[in-house]
1. Ile33's amide H: which non-local residues (gap 5+, or another chain) put their own amide H closer than 5 Å, with H modeled 1.01 Å from N in plane and none for Pro or chain starts?
2. Note down the accessible area of Arg52, probe 1.4 Å, to the nearest 10 Å².
Amino acid sequence: MDMMGRVGLIEIPMLIAPDQKAWMDRMIKEGKIAIPPGGTLEKGSLYSMFVRMLLHNAMEEQKRQEAMEAEDEDDE
């Protein structure tokens with residue numbers, strides 16, 4: 001996945017709890033969910049970027065875990 005937005009995106013409905021939305025709103029307001037350098041984005045885009053980054057990190061962690069498991073199997 002290219003985090004610079006060069007990949008086609010699809011739109012999906014997403015539900016989150018009210019306290020999670022309040023947390024995301026607070027993080028955006030406090031500048032803790034970063035806006036790309038030199039850019040301004042509407043709040044919806046920041047939500048999207050944040051969720052995409054979480055998914056990207058989860059996918060990378062899964063790959064790392066699978067590699068570690070494959071190493072362990074090789075050691076046996």
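1. Excluding prolines and chain starts, which carry no amide H, the hits are Ile28.
2. 40 Å²
The values are calculated or read from the model by the stated rules, or taken from the named source; none is laboratory data. Treat the numbers as computed from the prediction; the structure is a model and nothing was measured. Side chains are part of the model used for accessible areas, which takes the heavy atoms of the whole protein and leaves out ligands, DNA and RNA. Shrake-Rupley method; radii C 1.70, N 1.55, O 1.52, S 1.80 Å.
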